[in-house]
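Peer 1: Here it is, the structure, as structure tokens.
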Amino acid sequence: MGSAELPQVRCEVLVRAAVARVWDLVTDIHLPARLSPELQRVAWLDGVPGPAVGARFEGHNSHRLLGEWRTVSQVVRLEEHRVFAWAVLDADGRFGEPTLDPARALASWCYELEADGDGTRLRQTAVLGPGRSGVTLAVERMPDREKEIVAMRLEELRAGIEGTLRGIEELAERAG
């Protein structure tokens, strides 16, 4: 299955702030932990102080059905003031064979920024898979409910993304 066929959710917002200001917010990996219902805390790994292709950071997550777990994410695309994307990896084998291979990501995330008048059009996308995740475990337990399980997860992600985008919008516009 190609990445275009993987389940995904994409949301966008028009932020009334300069692209550079929005960029500073979306590349601050600590910000989503303040805005997300699932991501609890993050930290750069390997002594890297900030985003660069290949840089890694760990995330600690909590979900009402899955409990708590750690992931390692790797920045896979970085185009200054345009794109910040990372692959979420199951380094600890929480959902299957441990991996640090972005091609086996349990999810991929991306921010895309585009100048729009005096503001910034900000898009955030989350793609499930192709690697194993909590969704995989749920579908294996209840294969007859696969569509419902995937739809529920995408709706959770949509709600989280919308909250994150609203938080970024508010912070960017407040800072002027």
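Peer 1: With an 8 Å Cα cut-off and a minimum separation of 6 or more residues, compute the relative contact order for segment 1-145 in percent.
Peer 2: Once divided by the residue count of segment 1-145, the mean separation gives 25 percent.
Peer 1: Report, by chain and number, residues whose modeled amide H sits under 5 Å from the one on residue 15, excluding near sequence neighbours (fewer than 5 apart, same chain).
Peer 2: 120, 121, 122
Peer 1: Where in segment 1-56 are there trypsin sites (Lys or Arg not before Pro) that are in a DSSP coil and have at most 16 other Cβ atoms within 10 angstrom of their Cβ?
Peer 2: Of the trypsin sites (Lys or Arg not before Pro), the ones in loops of segment 1-56 whose Cβ has at most 16 other Cβ atoms within 10 Å are 16.
Peer 1: Rounded to the nearest 500, what is the 222 nm mean residue ellipticity of the chain from helices alone, with -39500 (n - 2.57) per DSSP H run of 4+ residues and division by all residues?
Peer 2: -9000 deg cm²/dmol, from helical runs alone.
Peer 1: Nearest 10 degrees is fine. How inclined is helix 146-175 to the longest principal axis of the chain, computing both from alpha carbons?
Peer 2: 20 degrees
Peer 1: Name the residue from 13, 72, 23 whose Cα lies farthest towards the positive end of the charge dipole of segment 1-148, charges +1 on Cβ of Lys and Arg and -1 on Cβ of Asp and Glu.
Peer 2: Result: 13.
Peer 1: I'd like the Karplus ³J(HN,Hα) series for segment 72-80: coefficients 6.51, -1.76, 1.60, θ = phi - 60°, whole numbers in Hz, and an x wherever there's a Gly or Pro.
Peer 2: 10, 10, 10, 5, 10, 8, 8, 10, 3
Peer 1: Magnitude of the Cβ-charge dipole of segment 11-175, K/R +1 and D/E -1, about the Cα centre, nearest 20 debye?
Peer 2: Its charge dipole is roughly 220 debye.
Just so you know, all these numbers are worked out from the coordinates, no wet-lab data involved. This one's a predicted model, so the numbers in the text were calculated from it and none came from an experiment. Note that we place each Cβ from the backbone using ideal geometry, even for glycine, and neighbour counts take in every protein chain shown.
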